[in-house]
């Protein structure tokens with residue numbers, strides 16, 4: 001999963017890069033789920049926000065199908081990652097405020 005490039009330096013293969021991205025996606029979704037549970041317990045956000053965030057936990061099967069890769073699909077995947085990151089950050093701020 002690592003090879004030497006033309007300069008003799010180690011480079012990750014595309015397979016390793018995709019594997020790393022998948023692990024990071026899983027970790028993000030796990031963090032999102034844990035934060036969402038904590039937000040629910042503390043009632044740190046209204047139901048409409050919690051519902052929106054819970055929707056981010058649903059992963060469309062086409063996002064996981066390598067036979068359907070297209071520029072449009074990649075842009076949707078990147079947009080979803082940004083939405084998940086924004087939700088995690090927003091929940092973190094709300095949880096900090098609820099501790100005060």
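Please treat every number below as a calculation from the coordinates, not as lab data. None of the values given here were measured: they were computed from a predicted structure. Cβ sites come from the backbone with ideal geometry, for glycine too, and all protein chains shown count toward neighbours.
Observations on the model:
- Helix 71-99 vs. the chain, principal-axis angle (Cα, 0 to 90°, nearest 10): 40 degrees
- With each label modelled as a point 7 angstrom along the Cα→C-beta vector, the residue 78-residue 5 pair spans 2.0 nm.
- Measuring between their Cα centroids, the stretch 1-71 and the stretch 76-100 lie 14 Å from each other.
- Axis of helix 14-42 versus longest Cα principal axis of the chain: the two differ by about 0°, to the nearest ten degrees.
- Per-bin percent of Cα-Cα distances, the chain [5 Å]: 2, 11, 18, 18, 14, 11, 10, 7, 4, 3, 1, 0
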